[in-house]
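Asker: Below is a structure I'd like to ask you about.
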Amino acid sequence: MAKAAEQKQKSTVVTEEKKLDIRDVVHTATTYGRRRNDVAMVALRAMCMAVSVVAVTLTVTARETSMTTLYGFEFQLHAVWSLSDSLIYLVVVSSATVLYSLVQLITSGTRLMKRSPVIPTRTQAWFCFIADQIFGYAMVSGGSAALGVTNMNRTGIRHMPLPNFCKSLGFFCDHLAFSVVFSLFAFLLLAASSVLDVLRLSRDR
């Protein structure tokens, strides 16, 4: 009887130790997964800020003066980004995205260095998700508006036999084209941040 009781007590201790080991493994895996997501979030914020800065820089430096020939007459072309409402809109939304990403980068980076959760509460996760969606779609709309200006410079206006102005304004058109690419890239980075926001929200369910 004494041996049976001793064996039962040992098996109970072993079972409890296994339970503790499993809990430690689960806790370690959860902590590692959260830490990995936090690092990814900080990296996405830094990349989004850098890409948005490039988009703004390319747009505000899009200016060129050149000559072109139309119907045998030579004309001077002067292209500046500030003459287009669409390009002004792209600069505004890109600048706003830069500021938003900078604030998020400073906040997230500080928490990451302190080894605390980058998004500590469910309320903040919702805020980040909504903000990422707003700025992401703003970047898409700004890039689409700039794309329309670029296409018009290349193809002219419908029913009007205008030349391809980008042949004479190559520098200007190239800057606009690359600014559109970077604005769409910023949208993808914000979309990826939204996915991490959703993962953070799903952990509290």
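Throughout, read-outs are computed from the coordinates displayed, never taken from laboratory work. Keep in mind that what you see is a predicted model, and the values were worked out from it rather than measured. Heads up, the Cβs are rebuilt from the backbone with ideal geometry, glycines too, and the neighbour counts pull from every protein chain shown.
Asker: How large is ³J(HN,Hα), in whole Hz, for each residue of the range 101-117 in order, when computed from phi with the Karplus curve 6.51 cos²θ - 1.76 cosθ + 1.60 and θ = phi - 60°, using x for Gly and Pro?
Answerer: Coupling constants for the range 101-117: 5, 5, 4, 5, 5, 5, 5, 5, x, 5, 5, 5, 5, 7, 6, 10, x Hz.
Asker: So, one more: How much length is gained if the chain between ALA40 and LEU102 is pulled fully straight, taking 0.36 nm per residue apart and subtracting their Cα-Cα distance, in nm to one decimal?
Answerer: On the way: separation 62, 0.36 × 62 = 22.32 nm, distance 1.55 nm.
Contour length minus Cα-Cα distance gives 20.8 nm.
Asker: Right, another one. With each pseudo-label sitting 7 Å past Cα toward Cβ, what's the SER95-SER202 distance in nm, one decimal?
Answerer: My value for the distance between the label points is 3.8 nm.
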